[in-house]
Each structure stands twice: as C-alpha cells, then as structure tokens.
Amino acid sequence: MTKNRGPISQFIERNYLHFNAAALVDAAKGYETHLAEGGKMLVSLAGAMSTAELGISLAEMIRQDKVAIISCTGANLEEDVMNLVAHSHYKRVSNYRDLTPQDEWDLLENHYNRVTDTCIPEEEAFRRLQSHLEAAWKKAEANGERYFPHEFLYQVVRSGDLEQYYEIDPKNSWILAAAEKNIPIVVPGWEDSTTGNIFASYVIKGELQASTVKSGIEYMVYLTEWYRENSGGKGVGFFQIGGGIAGDFPICVVPMMYQDLEWHDVPFWSYFCQISDSTTSYGSYSGAVPNEKITWGKLDINTPKFIVESDATIVAPLIFAWILGQ
C-alpha cells in the first residue's frame, strides 16, 4: 500500500485491480508521473461536466497546479458559473427516464432546461449571468477591445458583481479557481452554448459586432503560441474527459504545426488519457482508441496512453482524488 495517501486513494489501490478499474489506476499513476517529471497537463471537458459539479474536484486540481490549461465546450464554461449563482434553484429529476413528452413540455413551460437528471433554471441561471456578460461585451466594444469568451467570463467573475448571488462554496467553482490562477482556457465552438446564442442574438439585433468576441481560429492561434512556449522538457499531456470538439480541437494543434506550418521541432503530446463510455464504431471520435491518434500525428508510438471506458462523472473525481493524495 502506498504511504501518505488518504482514504479514497487507499480504497482505490486496494480494490481497483482489474479491467476499467485497473485502467483508472494506471491512468492516475501516469498523470502523477507526468507531473512529477516536470510535465504540464491539458484537461478537456466535454459533456455536461460542470452541471455534474466536477468543480468540486477540478477546482482543487487547478489550485494545486495539477492543470495548466483547459479546453472545454461553451456549455461547460458557462454552466460552472450558473451552478455557482443559482444552485438552490436547480431541480433534480431522479426519474428522468420515465418522463413523457408532456412532462418535458411542462418543464419547459416552467423555465427549466433538462440535462439528464438535472434541470437548469432559466431565469436564475441564464438571465442572471446574461446581464453581466452583456455589460462586459458592450464595454469592450465601446472601447474598441476584443476578447475571448473565457476572458469575458473572467472579467465578470473577477469584478465581484456575482458574489451577491453565490449559492455554493466558491472553492467548488472551477471557473473561479481558473480565474484566480489566470490559466488559459480554449473554448472551441463557443457559439454552441447558451451565452453564445445570446451573443448572436445581440449581433442579429445590431447591438453588438460579431468581432467583439474572438473566434475559434483565433483560439487555435492562441493555443499554438501557448503550446510552443510550454511543450519543452517533459512536454504537455492530454487528459480528455469525453470526446467531441473539446478534445478534438486542441489535440489537433500538434499535427497542424508540423503538417500545415511545416515546423519540424514540434513535440507530440507526451501523455494521453481518455475517459469515455463511447464504443469504437462508425467513425466516432469519442470512441476512437488512443492508437488511432498516432496515424493523425497527434501521439507518438511511445506516448503513455490510457483509456477508461466508463462514466466520466464517476471516474474523473476518483482520478483527481488520487492525484491530490486524498
């Protein structure tokens, strides 16, 4: 038994010996080794991990410098803050599998948007955040300034204007932790989010210019510059929760640099782990095994590779607990 570990890690080490459980341990130990040898780690968040309250464990990972950069969907970016300011208004529907179309319509009529077993309250969550983001967008445009989506959100949370609404312990918000550390965040496809839709509505109404929020192409340039500055030595690892654009966008920065820019000194990602319950079939990115990424120039033959085929809401907090020594 490893010494100086907390009860969660001790339980994992004693009981997680085979199959996906063993893969979880191997991935956690690989992450730990990567950091110990001076590496940095990108964490990508797909799905609804913020609404699943991953911030309870992820925020501490950020505070303890176990995460250097995050790639996430626009939904994960905004939903951590929505949970922060409207938690008591959320509605849990434990029997969500039994809901009828009429039940779903009734939730909509009561201004609830359902994510599996959790309903996000439109007025208290979306609209509460909207007014503060709108002010930040309009102030930037008036000053001739442009920012990334995560930078606008950082401005709002750093202003302190949302503190009056806090309904959870701020230490459990990963966005607050990220803003305090000022870690970079990449948000590909931000338009596919509630706040992205809201911003688009202002553009359509002629109240804002689309260029006020920096684009996905600019995010790729931003990530390229960050990777070039941080991939020396042990390099940068890739810890992918789920699949989709949150994972595929950032991992492509490596082949883009050496194939399209023809830079020949670009290190591969130096660790890779994916947590997903997607099966390998029909060309799905989410279900692709790590070795497929070798053919795309994303991973090296010798890159430590792990895949845990399970529910990320269960696996990710356990891996984080291990890395934090809990």
Exercise. Report whether or not Tyr165 is among the aromatic types (Phe, Trp, Tyr) and either open to solvent by 10 Å² or more (accessible area, probe 1.4 Å) or closer than 30 Å to Thr100 by Cα (or both).
Key: yes
Quiz item: Are any residues in the range 70-96 farther than 12 Å from Val187 by Cβ and among the β-branched types (Val, Ile, Thr), and if so, which ones?
Solution: Val81, Val85, Val93
Quiz item: Just checking, which of Ala48, Ala52, Ala28 is part of a helix (DSSP H, G or I) and on the phi < 0 side of the Ramachandran plot?
Solution: Ala28
Self-check item: Members of the range 31-45 found to be open to solvent by less than 50 Å² (accessible area, probe 1.4 Å) and either among the basic types (Lys, Arg) or not in a helix (DSSP H, G or I) (or both), listed by number
Solution: Gly39, Met41, Leu42, Val43, Ser44, Leu45
Practice problem: Would you point out which residue out of Ser57, Ser94 is over 22 Å from Tyr219 (Cβ atoms), among the small types (Gly, Ala, Ser) and without any contact (Cβ under 8 Å) to a residue 24 or more places away in the chain? | Solution: Ser94
Quiz item: Among Thr100, Thr51, Thr118, which is among the β-branched types (Val, Ile, Thr), more than 21 Å from Glu151 (Cβ to Cβ) and open to solvent by 50 Å² or more (accessible area, probe 1.4 Å)?
Solution: Thr100
Quiz item: In the range 20-77, which residues are closer than 23 Å to Leu129 by Cβ and in contact with a Cys (Cβ under 6 Å, 6 or more places away or on another chain)?
Solution: Leu45
Self-check item: Residue that is most open to solvent (accessible area, probe 1.4 Å) [pool: residues in the range 87-97 that are in contact with an Asp or Glu (Cβ under 7 Å, 6 or more places away or on another chain), under 24 Å from Tyr166 (Cα atoms) and not charged (D, E, K, R)]
Solution: Ser88
Exercise. Give just the number: which of (1) within 14 Å of Pro304 (Cα to Cα); (2) open to solvent by 50 Å² or more (accessible area, probe 1.4 Å) does Asp65 not satisfy?
Key: (1)
Practice problem: List every residue pair whose Cβ atoms sit under 6 Å apart, with the two residues 6 or more apart in sequence or on different chains, where the first one lies in the range 140-162 and is among the charged types (D, E, K, R) and the second, anywhere, is in a helix (DSSP H, G or I). | Solution: Glu141/Thr212; Arg146/Thr212; Arg158/Ala179; Asp161/His132
Practice problem: State whether one or more residues within the range 129-146 are under 20 Å from Asn182 (Cα atoms) and open to solvent by 50 Å² or more (accessible area, probe 1.4 Å). | Solution: yes
Quiz item: If we scan the range 292-309, do we find a residue that is open to solvent by 60 Å² or more (accessible area, probe 1.4 Å), more than 26 Å from Ile12 (Cβ to Cβ), touching a residue at least 40 places away in the same chain (Cβ under 8 Å) and under 15 Å from the mean Cα position of the chain (by Cα)?
Solution: no
Quiz prompt | Flag for Ser9 being among the hydroxyl-bearing types (Ser, Thr, Tyr), modelled with pLDDT of 95 or more, part of a helix (DSSP H, G or I) and more than 30 Å from Ser131 (Cα to Cα) | solution = yes
Quiz item: Residues in the range 237-247: is at least one farther than 11 Å from Leu42 by Cα and over 17 Å from the mean Cα position of the chain (by Cα)?
Solution: no
Quiz item: Within the range 61-175, which helices (runs of 4 or more DSSP H) (wholly inside it) include 3 or more residues that are modelled with pLDDT of 95 or more and under 16 Å from the mean Cα position of the chain (by Cα)?
Solution: 74-86, 149-159
Quiz item: What do you reckon, is Val289 in contact (Cβ under 8 Å) with a residue 24 or more places away in the chain, more than 16 Å from Ala46 (Cα to Cα) and either part of a loop (DSSP other than H, G, I, E, B) or open to solvent by less than 40 Å² (accessible area, probe 1.4 Å) (or both)?
Solution: no
Practice problem: Mind counting the residues in the range 128-139 that are out of contact with any helix residue (DSSP H, G or I) (no Cβ under 8 Å at 6 or more places or on another chain) and without any contact (Cβ under 8 Å) to a residue 40 or more places away in the chain? | Solution: 3
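Rundown of residues vs (1) under 24 Å from Ser231 (Cβ atoms); (2) in contact with a Phe, Trp or Tyr (Cβ under 6 Å, 6 or more places away or on another chain), yes/no style:
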site	(1), (2)
Val25	no, yes
Lys29	yes, no
Thr33	yes, no
Leu42	yes, yes
Ala46	yes, no
Ser50	no, no
Glu53	no, no
Ala59	no, yes
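The values are calculated or read from the model by the stated rules, or taken from the named source; none is laboratory data. The structure presented is a predicted model; accordingly, all values stated were derived computationally and were not measured. Cβ coordinates were reconstructed from backbone atoms using ideal geometry, including for glycine residues, and neighbour counts include every protein chain displayed. Surface areas here come from the heavy atoms of the whole protein model, side chains and all, with no ligands, DNA or RNA. Shrake-Rupley method; radii C 1.70, N 1.55, O 1.52, S 1.80 Å.
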